1. Quick one: what does P(r) look like for the range 10-143 with 5 Å bins over all Cα pairs, in whole %?
2. Loop-only chymotrypsin sites (Phe, Trp or Tyr not before Pro) in the range 35-138, please: DSSP not H, G, I, E or B, and at most 13 other Cβ atoms within 10 Å.
3. Of all trypsin sites (Lys or Arg not before Pro) in the range 70-143, which ones are in loop regions per DSSP and have a Cβ with at most 14 other Cβ atoms within 10 Å?
4. Which of Leu84, Leu79, Leu94 comes first, and how do the rest follow, when ranked by fewest Cβ neighbours within 10 Å?
5. Would you mind ranking Cys29, Cys110 so that the residue whose beta carbon has the fewest other beta carbons within 10 Å leads the list?
6. So which of Lys71/Lys116; Lys40/Lys129; Lys116/Lys141; Lys42/Lys141; Lys40/Lys69; Lys40/Lys120 end up more than 30 Å apart, counting from Cα to Cα?
7. Could you give the length gained by full extension between Ala35 and Ser80, i.e. 0.36 nm per residue of separation minus their alpha carbon distance, to one decimal place?
8. Give me the one-decimal nm value for the distance between modelled label points at Glu121 and Val135, 7 Å along each residue's Cα-to-Cβ direction.
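Each value in this text was obtained by applying a stated rule to the coordinates, not by laboratory testing. Since the model is a prediction, treat every value here as computed from it, not as a measurement. With ideal geometry, Cβ positions are generated from the backbone for all residues, glycine too; neighbour counts draw on all protein chains shown.
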Amino acid sequence: MKRAKETTVNSKGKFNKKKRFGRSIKNRCPSGFQAAVEEKFKTTGGTYIEVPNDYRASQYDHTADDYIKKKLSDRMYHLSDGTLVQRDWYSSFLLYCYDYRTRNIDRDRCISEFEKCYSKEEALIKRIKINRIKVLNSGIKMA
């Protein structure tokens, strides 16, 4: 931010602080975070893939091979084959199945990897319920 041209003094005779948010914004900005993550992946030999903003992972249903609009409040939902999934987990699973060459979801990979990944999700939800771990806004009910 630009500096003020004149200095201002408050009623106690002290100079008013002119807060500048340059470093604060840099430390919290999404693009800075992305750049830092990308650099860490590259230095450790990992792969960094950026997904386009119009990628609708939370709306795709690989069992129906269709995009189905869901409300933001629906934390758990049923796929078209009746499987109950947690929305955020399923979005991350679909990101895992993203094909950066075609810039779309790889349905074949979704089908081949789903059972393995879903069994891990079920085990985690079971552990959360047994240990009565509260996960805010997850939709996991403690029956």
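1. Taking all Cα pairs of the range 10-143, the binned fractions are 2, 8, 14, 15, 14, 14, 12, 7, 4, 3, 3, 3, 2, 1, 0 percent.
2. Values: sites: Phe41, Tyr48, Tyr55, Tyr60, Tyr67, Tyr77, Trp89, Tyr90, Phe93, Tyr96, Tyr98, Tyr100, Phe114, Tyr118; in loops: Tyr48, Tyr55, Tyr100.
In loop regions of the range 35-138 (DSSP not H, G, I, E or B), the sparsely surrounded chymotrypsin sites (Phe, Trp or Tyr not before Pro) are Tyr48, Tyr100.
3. Details: sites: Lys70, Lys71, Arg75, Arg87, Arg101, Arg103, Arg107, Arg109, Lys116, Lys120, Lys126, Arg127, Lys129, Arg132, Lys134, Lys141; in loops: Lys70, Lys71, Arg75, Arg101, Arg103, Arg132, Lys134, Lys141.
Passing sites in the range 70-143 are Lys70, Lys71, Arg101, Arg103, Arg132, Lys134, Lys141.
4. On the way: Leu84 13, Leu79 16, Leu94 22.
So the residues, fewest neighbours to most, are Leu84, Leu79, Leu94.
5. On the way: Cys29 11, Cys110 20.
Exposure proxy ranking, most exposed first: Cys29, Cys110.
6. Correct reply: Lys40/Lys129; Lys42/Lys141; Lys40/Lys69.
7. Working: separation 45, 0.36 × 45 = 16.20 nm, distance 3.75 nm.
Gain on stretching Ala35 to Ser80: 12.4 nm.
8. 1.0 nm
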